[in-house]
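> I have a structure here, written as structure tokens, and I will follow up with some questions on it.
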Amino acid sequence: MPDMPWSLTRAVAIGLCCVALGACSMGRIVARSSLPILESGNVAMNRETDLDLARAAIPANLKLIEGLIQELPGNADLRLQAAQGFYGYAYGFVEDEDSRRASGLYRRGWEHARRALQASGFRGELTALSTEEIGKQLGELGRGAVPALFWTASCWAKWIDMNRNDPARLADMGKAAALMERVLALDENYYHGGAHLFFGVYYGARPPMLGGDFVRSAEHFEKARAVDRGRLLIVDMLRAEYLARQQLDRKQFHERLVAVVNAPPDIYPEMALVNAIAQQKARKLLAKEEEWF
């Protein structure tokens, strides 16, 4: 085949570049236009009461979000949706059955969340920085960084919790707590008082000799409970699981979990899925009452 004239070669090359650029631009346009649909999907998922349906649907949603991230890797909102999704799926449907897989899912959520945190202005690798260096940067972050701080700390802490036998991981728990302390300072009511719930578990899960503080734990659980006026059942479920159990308070353990199990399904329609997960976990905890007490 004879060589094409240089001018024709250039024209073909330019044409191919235009097609590629057009496809790239179109992918990004589609990705951006999908963001409102994702938000609506999150609202619908939060209202879901059928745990089997939610369990089957969430993985496809997560892969859709990660597909959109391929088009918009710098989009912090997508990163945070991925982090929240991986956290919720791991906690609600995987952790009790397969801790190793849950660890991987929490790690994936953390990777997305920390990218969003970097987009908020945080510099450097979290695991390489000292707690003091992290604290200096946290003081520079404002209210706009709260979602990234919250989901980074949440996924990081759960990943650490899934790897308790790894000293390198446990050493980072104080750093995750530092991020969540900044959330408390900036917006203590963010995500249904999630920072208070974090510290309710953080101080309640350990005996005082190992850094636990039952008084502070109870205070944080009460503040978390007040945000949604007791309608978010996971607050009482976690208080029973961590604080009441650590205190060897069988009466409180039993009464709180029974109240969670017996709560009406429509107590908080906007958070029906989280409440259904809390009720399922409460039943499992009650089944262990004789063994633990």
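> Over 30 Å from Asp50 (Cβ atoms) and part of a helix (DSSP H, G or I): is that true of Arg101 in this structure?
no
> Would you check if there is a residue in segment 189-204 being over 21 Å from the mean Cα position of the chain (by Cα), over 26 Å from Asn42 (Cβ atoms), at pLDDT 95 or above and not aromatic (Phe, Trp, Tyr)?
Checking segment 189-204: not a single residue is over 21 Å from the mean Cα position of the chain (by Cα), over 26 Å from Asn42 (Cβ atoms), at pLDDT 95 or above and not aromatic (Phe, Trp, Tyr).
> Just the residues that are touching a residue at least 12 places away in the same chain (Cβ under 8 Å) and among the small types (Gly, Ala, Ser), please, taken from segment 81-113.
Ala82, Ala83, Gly85, Gly88, Ala90, Gly92, Ser99, Ala102, Ser103, Gly109, Ala113
> Also: Counting only residues that are in a loop (DSSP other than H, G, I, E, B) and not hydroxyl-bearing (Ser, Thr, Tyr), which one in segment 34-88 is farthest from Trp156 (Cα to Cα)?
Restricting to residues being in a loop (DSSP other than H, G, I, E, B) and not hydroxyl-bearing (Ser, Thr, Tyr), the top hit is Asp50.
> Taking Val43 as meeting all but one of (1) under 20 Å from Glu270 (Cβ atoms); (2) of a type outside the set (Ser, Thr, Tyr); (3) at pLDDT 95 or above, write down the number of the exception.
(3)
> I've got another one for you. It is to be established whether one or more residues within segment 124-146 are crowded, with 18+ Cβ neighbours inside 10 Å and in contact with a Cys (Cβ under 7 Å, 6 or more places away or on another chain).
No; the residues of segment 124-146 include none that is crowded, with 18+ Cβ neighbours inside 10 Å and in contact with a Cys (Cβ under 7 Å, 6 or more places away or on another chain).
> Another question, then. Looking at Phe93, Phe86 in this structure, which one is in contact with a Cys (Cβ under 8 Å, 6 or more places away or on another chain) and of a type in the set (A, V, I, L, M, F, W, C)?
Phe86
For every residue, the table says whether it meets (1) farther than 29 Å from Ala185 by Cα; (2) modelled with pLDDT under 95; (3) crowded, with 19+ Cβ neighbours inside 10 Å.
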| residue | (1), (2), (3) |
| --- | --- |
| Lys223 | no, no, yes |
| Gly230 | no, no, no |
| Leu257 | yes, no, yes |
| Val260 | yes, no, yes |
| Asn275 | no, no, yes |
| Phe293 | yes, no, no |
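> Check Ala272 against each of (1) in a helix (DSSP H, G or I); (2) free of Cβ contacts under 8 Å to residues at least 24 places away in the same chain; (3) not acidic (Asp, Glu) and name the one condition it does not meet.
Result: Ala272 passes all but (2).
> Can you name the number of the only condition in (1) of a type in the set (Asp, Glu); (2) surrounded by 15 or more Cβ atoms within 10 Å (Cβ to Cβ); (3) over 19 Å from the mean Cα position of the chain (by Cα) that Glu95 fails?
It is condition (3) that Glu95 fails.
> Follow-up. Looking only at segment 49-62, how many residues end up being surrounded by 15 or more Cβ atoms within 10 Å (Cβ to Cβ) and in contact (Cβ under 8 Å) with a residue 40 or more places away in the chain?
2
> Can you pull out every residue in segment 130-141 that is in a helix (DSSP H, G or I) and touching a residue at least 12 places away in the same chain (Cβ under 8 Å)?
Correct list: Thr131, Ile134, Gly135, Gln137, Leu138.
> For segment 98-110, enumerate the residues that are under 11 Å from the mean Cα position of the chain (by Cα) and among the charged types (D, E, K, R).
Selection gives Arg107, Arg108.
> Looking at (1) loosely packed, with under 11 Cβ neighbours inside 10 Å; (2) at pLDDT below 90, which one does Ala11 not meet, given that it meets all the others?
Ala11 satisfies all of (1) loosely packed, with under 11 Cβ neighbours inside 10 Å; (2) at pLDDT below 90 except (1).
> Do we find a residue being without any contact (Cβ under 8 Å) to a residue 12 or more places away in the chain and assigned to a helix (DSSP H, G or I) anywhere in segment 116-129?
Yes, some residue in segment 116-129 is without any contact (Cβ under 8 Å) to a residue 12 or more places away in the chain and assigned to a helix (DSSP H, G or I).
The values are calculated or read from the model by the stated rules, or taken from the named source; none is laboratory data. Being a predicted model, the structure only gives us computed values, none of them experimental. All Cβ positions, glycine included, derive from the backbone under ideal geometry; neighbour counts span all protein chains shown.
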